[in-house]
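The block underneath contains the structure these notes are about, expressed in structure tokens.
The values are calculated or read from the model by the stated rules, or taken from the named source; none is laboratory data. As the structure is a prediction and not an experimental result, all values here were calculated from the model. Neighbour counts are summed over all protein chains in view; Cβ atoms, including those assigned to glycine, are modelled from backbone coordinates with ideal geometry. Protein only, heavy atoms only, side chains kept; ligands, DNA and RNA dropped before computing areas. Shrake-Rupley method; radii C 1.70, N 1.55, O 1.52, S 1.80 Å.
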Amino acid sequence: MRQVWEVLRKDLLIEWRGRSRSTGVFFFAMILLLLFSFALGPDSQVLRQHAGAYMWLSLLLSSTLALSQSFRIEVESDALTVLRLLPVSPVSLYYGKAAANTLVLLLLGVASGPIVIAVFDVTLHAPIGHLLLLLLLGCAGLAAPGTLYAGITCRAKGQEILLPVLLFPLIVPAMLASVKATTLMMNGDPMGQGRSWFILLLCFDIIYWSISGLLFAKVIEE
Amino acid sequence: MLEEKITVAGSAPARSAVAPAAAREDAITARDVSKRYGAHWAVSRATFRVAQGSCFLIIGQNGAGKSTLLRIVATLNRPTLGELSYFGEAPRHDHAAVRHRIGLLSPRLGLYEDLTAAESLLTFGRLSTRPSSDRIHELLGLVGLNPSLATPVRLFSQGMRKRLALACLAAQDPDLVLLDEPYGALDPAGMTLVDNMVRRWQRQGATVVIATHHVERGAELADDGISLDRGRIVAKGSAEELTRFAAARFH
């Protein structure tokens, strides 16, 4: 756990120091939200209905930038070589990086919340804590396979193309559950379906985090 | 083509300082180590031994395979053929135990641009030996970077980066130190610092392998070594013999 914490701390410190990069990702997410709202038109009923879907879509597209960035820093400086020689288990390295990526995406999700509310004319029908928990689970579902695939593609040519091509099909179930649960929170949940989507998302998170952690050792080796 | 081979033939290392090391297990034993990338053999049938506590020199021109060989020795790249053993043991699948005894100074140094000098040392240190803040200051002082401890690495010159990378390497307390072109981008004072660091590691009992173009400088420190040419070992012997070989071959 100590090693996971040290890797997490390192990644968050680097993220904080290089916050101009994160700011760029945030503005990219904001622009996507605005474009989606323009595409839907001025009908506030339609905007409200699709707010959850477009919020997650903008997070998903922005996440590929944030995820690939987290490994590009390691590879460009060759720090990954140093890390591989340190007594840090690949599992700790993976969970540290995945946790850092989850927090970065969560921050991005929280920061885009007010924009979603303003642009898509959303009224929350659930406590804010539930939405934050859903955001955390959704971001964890994105970050777990995203960190693994960013590790796979970081040394490949055309990383920017490869990462979404590999990642997007894999996270369809988690995205579907996140979108459904968010939409129910934003538009009301008279049939009480939100809980089922929540549990489904949690199950996929557990699967992603377990399998990706096991596979990561193979990924960072030659 | 000059195919001279200076064989060590069981001779003792040139410097008597490492004589006691000869009685111990070799730090590295490489047998027919080869590495192929596509159709190109970057390293071909490299066989050599490095005595524990000694300083071993690898020389050769650009593209000779020095860095590839060092990365194989560091367990970062798997050899296509051949095998390596470390401190008397040959790890076949799990390199973790031996890998953590190895420290590598790679040409790209492995530093994070956004961290300060002190943070870099703390980060790498905490992930290995958990050095105290006194030790961090001692190491930064050792490489002459104490005044720059709060400066981000991105503002460092190439020479300062190399000094910091040496301090990070020292913080790991490795038993086997691999230095890939340690003299590159350094001024004379920086080169002397590298020499001092190598001597310091040797005093602490570590084994040092240096891959460099600076043959004469490296030979001042080394006990013995090899010369590579297009992935093949074309000479092996004492540091003095290697210097003579390099003078005849490269000048």
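Label-point separation (nm) for B:Y37 and A:I199, each offset 7 Å from Cα along Cα-to-Cβ?
Computed distance between label sites B:Y37 and A:I199 equals 5.3 nm.
How much length would be gained if the chain were fully extended between B:A96 and B:R78, taking 0.36 nm per residue of separation minus their Cα-Cα distance, in nm to one decimal?
Full-extension gain reported as 5.1 nm.
Taking chain B as a Gaussian network, where each spring joins two C-alpha atoms under 10 Å apart, which residue of B:I226, B:I58, B:I72 fluctuates the most?
It is B:I72.
Run through the DSSP bridge list for the range B:97-225 and note the antiparallel percent, rounded to the nearest 5.
In the range B:97-225, approximately 10 percent of DSSP beta bridges are antiparallel ones.
Could you give the semi-axes, largest first, of the ellipsoid that matches the range A:136-213, computed as the square roots of 5 times the alpha carbon gyration tensor eigenvalues and rounded to whole Å?
Ellipsoid half-lengths, sorted descending, are 28, 13, 8 Å.
Counting only heavy atoms of protein chains, what accessible area per residue, in Å², does chain B have with a probe of 1.4 Å?
For chain B, the solvent-accessible area averages 43 Å² per residue.
Obtain the nm distance between the two label points defined at A:R155 and B:E138 by a simple spin-label model: each point lies 7 Å from its Cα along the Cα-to-C-beta direction.
Result: 3.5 nm between the two label points.
List for the range B:94-109: residues with 40 Å² or greater reduction in accessible area, all protein chains versus chain alone, probe 1.4 Å?
B:R99, B:H100, B:R108
Which whole-Hz couplings ³J(HN,Hα) result when phi for each residue of the range A:58-67 is put into the Karplus expression 6.51 cos²θ - 1.76 cosθ + 1.60, θ = phi - 60°, listed in order with x for Gly and Pro?
Once rounded to whole Hz, the list reads 5, 5, 4, 5, 6, 4, 5, 5, 5, 5.
Under 11 Å from the Cβ of B:F156, count the other residues' Cβ atoms, weight Lys and Arg +1, Asp and Glu -1, and hand me the total.
+3
Hey, what angle do you get for helix B:117-126 against the long axis of chain B, alpha-carbon based, 0 to 90 degrees rounded to 10?
In chain B, helix B:117-126 runs at an angle near 70 degrees to the longest axis.
Work out the FRET efficiency for B:R200 and A:F38 from their Cβ-Cβ distance, taking R0 = 51 Å, and round it to the nearest 0.05.
Efficiency, rounded to the nearest 0.05: 0.20.
Taking the solvent-accessible surface of protein heavy atoms with a 1.4 Å probe, what is the per residue accessible area of the range A:2-220 in Å²?
Per residue, the range A:2-220 has 43 Å² of solvent-accessible surface.
Build a GNM of chain B with springs between Cα atoms under 10 Å: which of B:R49, B:R163, B:R135 gets the top mean-square fluctuation?
B:R135
Using a 1.4 angstrom probe on the protein heavy atoms only, line up A:F38, A:F28, A:F120 by accessible area, largest first.
Ranked list, largest accessible area first: A:F38, A:F28, A:F120.
With a 1.4 Å probe, how much accessible area is buried between chains A and B, both sides summed, in Å² to the nearest hundred?
Summed over both sides, the interface buries about 2700 Å².
Does anyone have the angle between helix A:172-187 and the longest principal axis of chain A? Alpha-carbon axes, 0 to 90°, nearest 10?
Its long axis makes an angle of about 40 degrees.
Expressed as an acute angle from 0 to 90° and rounded to the nearest 10, what is the orientation of the C-alpha long axis of helix B:133-142 relative to the principal long axis of chain B?
60
Please go through the residue pairs B:K66/B:K162; A:K157/A:K218; A:K218/B:K66; A:K97/A:K180; A:K10/A:K157 and name each one whose alpha carbons sit more than 23 Å apart in this structure.
The pairs that break the limit, which is 23 Å between Cα atoms, are A:K218/B:K66; A:K97/A:K180; A:K10/A:K157.
Rg and Dmax of the protein assembly as shown, Cα atoms, in Å?
26.7, 88
Share of Cα-Cα pairs in the range A:2-220 beyond 32 Å, in percent?
18
Could you list the residues of the range B:110-130 with an amide nitrogen less than 19 Å from a label point located 7 Å from the Cα of A:V91 in the Cα-to-C-beta direction?
In the range B:110-130, the label zone of A:V91 (backbone N under 19 Å from the point 7 Å along Cα→Cβ) covers B:127-128.
Over chain B, with a Gaussian network built from C-alpha contacts below 10 Å, which listed residue (B:R232, B:R199, B:R108) shows the highest mean-square fluctuation?
Residue with maximal mean-square fluctuation among B:R232, B:R199, B:R108: B:R108.
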